[in-house]
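Data first, discussion second: the structure below is written as structure tokens.
Every read-out reported here was derived from the displayed coordinates using simple, explicitly stated rules and does not represent laboratory data. Because the structure is a prediction, the values reported are computed rather than measured. Cβ placement follows ideal geometry from the backbone for every residue including glycine, while neighbour counts extend to all protein chains displayed.
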Amino acid sequence: MSYLIAALFLLTIPAANWMIGNVGMCVPNGPCLIPLFPGLMAPSGVLLIGVALVLRDAIHHTLGWKWVIGCIIAGALLSGFVAPPSLVVASAAAFLLSELADFAVYAPLRAKGTALAVAASGVAGAVVDTVLFLGIAFGSLAYAPGQIVGKLLATVIVSAWLFARRTA
């Protein structure tokens, strides 16, 4: 199961990068956007990245941080086939540096409970990933609120599903 989670995580990276350039209402020299709520738009790959943040924690928990870093690098390489270089670089840098923020929060909290660790590290990872990705890829944080809300929404849904699955 751990390797399946790693494979899914690996695929979320190029899929999200492809979506940002192809799905939704595309802004010239910017991302393609989807509505999250009335008045709140986000780059279209945002929900997959929220899922990726949870999968990243699952890989960290079961296979270790070296697997996470390897999957991020492999995902960035795969992204090179479906996304422009600027998105690939922004995505890889954001994932790697948000992994450090995630690790700084997740590792010490894991002993207090997986749900707390995943939730807190998800918030840290979402914020760092958003600021770095949007800043590097588009030079603007205009869509940061939508991106953070979208990532957290996806993280909460996936985390709740995993929690329910474990307690069932």
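Key figures
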item: Computed [θ] at 222 nm, deg cm²/dmol, the chain (DSSP H ≥ 4; -39,500 (n - 2.57); rounded to nearest 500); result: -26000 deg cm²/dmol
item: Cysteines without a disulfide-compatible neighbour (Cβ-Cβ under 4.7 Å), the chain; result: CYS71
item: Long-range HN-HN contacts of CYS26 with modeled amide H, under 5 Å; result: LEU33
item: Mean Kyte hydropathy of 1.0 or more with a Cα span along the axis of at least 15 Å, helices from DSSP in the chain; result: 2-22, 46-62, 65-79, 85-109, 114-138
item: Unit Cα scatterers, Debye sum, segment 2-167: log10 I(q)/I(0) for q = 0.19 Å⁻¹; result: -1.18
item: Loop chymotrypsin sites (Phe, Trp or Tyr not before Pro), segment 37-135, which have at most 16 other Cβ atoms in a 10 Å radius of their Cβ (DSSP); result: PHE81
item: Percentage relative contact order, segment 1-95, counting C-alpha pairs under 8 Å, at least six apart; result: 36 percent
item: C-alpha center-to-center spacing [segment 1-62, segment 81-98] in angstrom; result: 12 Å
